[in-house]
Amino acid sequence: MEKNIRVRFAPSPTGHLHIGGARTALFNYLFAKKYSGTFVLRIEDTDELRSSQESVKWIFDSMAWLGLNWDEGAMPDGTQKGNFGPYVQSVRESQGIYKQYADKLVKEGKAYYCYCTAQELDEMRKKAALEKRPPKYEGRCRNLTAEEKEKFEKEGRKPVIRFRMPDDGTTSWNDLIHKELSFENKLLYDFIMVKASGYPTYNFACVIDDYLMKISHVIRGDDHISNTPLQINLYKALGWEIPQFAHLSMILGPDGSRLSKRHGATSVQEYKKEGFLPETIKNYLALLGWSTQDSQQIFEKGELEEKFSLEGCQKNPATFDPVKLKWMNGEYLRKLDKKTLSDLVLPYLKEAGFDLSYPKVPLEELIYLEYEKYKVLSEAPSLLSFFFKENPDMDAEAVQSVFSKPSAYKVLSGIAEVYSSLPNFEEKSIEEATRKFAKDNSLKNGEVFHPVRVAVSGKAQGPTLFKMIEYLGKDCAVNRIKAAVSLCSVNK
Ligand code: GLU
């Protein structure tokens, strides 16, 4: 890459960081890493009604959790890092940064005051619809005389400032993902740069800031493609160099419609809570609209930073597949060692209200028993619950299908005896004794193992049987088996 790479993530703090926003942040981050560039975080809080400090915090938290550390920008402690600040648009506004450029453009006739009221604009839109014209602002205030202006002022109208869009010609750019994109200027409109409140709009503030912050590449979602020709015209009017643009593909839900709340969790925070690892989310997001030539799925630490490229980004929509995401999380969970897994699972067990002092073996061991099964950490309580109370919850279906077998009564009462008299209650000896019991009674192993499993855990499936029994301990296992005897319905 020829010049200093500077990219930015510029979220509007109007809620949680969503999958789409996180993907944009990640791609900017990866691009900066790949080319030893600078990743800037800018807070675009010019929507006075919807922006909140709480949302800024959520964004900071989610980015930190994903490990998307920025080199420059607004920082969580209220300070800023870098020489191009402030990095919060409301602060920039208060310093008059936008106003000076708006005034300059007005002075040069490239922007103008517009006094149209909301009601008048609404009427214009209705009229345009009736006449089958596009609902764009037709420029009533483009050439107001001094008298007309004065009259409006006297009426107490508060003007906005609009950009004077060229009437003819086209605006095109070579998008780094979508290739050549072109818009006829007559289809563009005189967008508002400064609102009646004096606050800049997104399209205006974004251009001023991208320029002043020396952003070389604007990488953002393709929902912004329609804003880009407006912004390019603004760069031209200001005589500024235009950055490169890369618009990332849209993200669809599994049903083919744009990803939204309807498809389930959409915020990074929700995924965190459900027990996804940040590594998984990062890996999965990277594949939403980008791939390597050999379609690599799982990336080791640092690999994405090395392999990412805009050339590998597709313009076609990407589909968000929650099943694949869970599969991937399982893959990542299985890479963890006992201690790390246990530290991550423990808060879920605590939240489930389990008596963590009940088991006689270290929690780490119990938690690791099921390590092959976890897809998300929040599944741990339901997989492990029977370790934490005296009597397990009995799964009605398992009880019905297993305890109704003719041999169940004999098996459970016999095994309770066998286990009671086992001197050494360890996996190996429990297994040997259980197999011997089956053999001595001419039963198949399954005829013994199944009822024992249901008796001690309440479930038809679970961790490896004899280890689980060892971990429950002799008294607990025998008591549970004895209690289950009464649930066996036939052949008493
Ligand atoms: N604040 C805008 C948004 O959150 C940023 C768009 C851009 O990257 O230019 O959508």
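The values are calculated or read from the model by the stated rules, or taken from the named source; none is laboratory data. This one's a predicted model, so the numbers in the text were calculated from it and none came from an experiment. So basically every Cβ, Gly included, is an ideal-geometry build from the backbone, and we count neighbours across all protein chains shown.
So the values come out like this:
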| item | result |
| --- | --- |
| Conditions (1) within 27 Å of residue 368 (Cα to Cα); (2) surrounded by 14 or more Cβ atoms within 10 Å (Cβ to Cβ); number of the one not met by residue 393 | (2) |
| Positions within segment 40-73 being in contact with a helix residue (DSSP H, G or I) (Cβ under 9 Å, 6 or more places away or on another chain) and within 13 Å of the ligand (Cβ to nearest atom), in sequence order | 40, 41, 42, 43, 44, 45, 46, 47, 51, 59 |
| Residue identified as modelled with pLDDT under 95 and of a type outside the set (Ser, Thr, Tyr) among 105, 121, 66 | 121 |
| Neighbours by Cβ (under 7 Å, 6+ apart or cross-chain): first from segment 420-435, touching a residue at least 24 places away in the same chain (Cβ under 8 Å); second assigned to a helix (DSSP H, G or I) and among the polar types (S, T, N, Q) | 422/429 |
| Condition met for residue 293 (exposed (fewer than 14 other Cβ atoms within 10 Å of the Cβ), on the phi < 0 side of the Ramachandran plot, touching a residue at least 12 places away in the same chain (Cβ under 8 Å) and more than 16 Å from the ligand (Cβ to nearest atom)) | yes |
| Meets criteria (part of a loop (DSSP other than H, G, I, E, B), away from the ligand (no atom under 12 Å from the Cβ) and at pLDDT 95 or above) for residue 242 | yes |
| Candidates 437, 449, filtered to the one that is over 27 Å from residue 380 (Cβ atoms) and aromatic (Phe, Trp, Tyr) | 437 |
| From 449, 466, 437, residue being touching a Gly at 6+ places or on another chain (Cβ under 9 Å), surrounded by 14 or more Cβ atoms within 10 Å (Cβ to Cβ) and either more than 30 Å from residue 367 (Cβ to Cβ) or at pLDDT 95 or above (or both) | 437 |
| Count of residues meeting criterion [in a loop (DSSP other than H, G, I, E, B), within 13 Å of the ligand (Cβ to nearest atom) and touching a strand residue (DSSP E or B) at 6+ places or on another chain (Cβ under 7 Å)] in segment 196-233 | 4 |
| Count - residues of segment 1-30 that are within 13 Å of the ligand (Cβ to nearest atom) and over 14 Å from residue 210 (Cβ atoms) | 15 |
| Members of segment 405-437 that are of a type in the set (Ser, Thr, Tyr) and touching a Cys at 6+ places or on another chain (Cβ under 8 Å) | 409 |
| Cβ pairs under 8 Å, 6+ apart, first in segment 20-32 and among the hydroxyl-bearing types (Ser, Thr, Tyr), second near the ligand (Cβ under 9 Å from one of its atoms) | 24/9; 24/219; 24/220; 24/221; 29/9 |
| Answer from 344, 325 - the residue that is closer than 30 Å to residue 177 by Cα, touching a residue at least 24 places away in the same chain (Cβ under 8 Å) and surrounded by 14 or more Cβ atoms within 10 Å (Cβ to Cβ) | 325 |
| Residues being assigned to a loop (DSSP other than H, G, I, E, B) and surrounded by 10 or more Cβ atoms within 10 Å (Cβ to Cβ) - total across segment 151-166 | 6 |
| Residue within segment 134-150 that is within 16 Å of the ligand (Cβ to nearest atom), buried (at least 17 other Cβ atoms within 10 Å of the Cβ) and in a loop (DSSP other than H, G, I, E, B) present | no |
| Residue 259 vs. criteria at pLDDT below 95, hydrophobic (A, V, I, L, M, F, W, C), touching a strand residue (DSSP E or B) at 6+ places or on another chain (Cβ under 6 Å) and within 26 Å of residue 16 (Cβ to Cβ) | yes |
| Residue selected from segment 1-10 under the condition surrounded by fewer than 24 Cβ atoms within 10 Å (Cβ to Cβ) and touching a Lys or Arg at 6+ places or on another chain (Cβ under 8 Å), by the criterion modelled with the lowest pLDDT | 4 |
| Residue selected from segment 68-110 under the condition surrounded by 13 or more Cβ atoms within 10 Å (Cβ to Cβ) and among the small types (Gly, Ala, Ser), by the criterion farthest from residue 344 (Cα to Cα) | 102 |
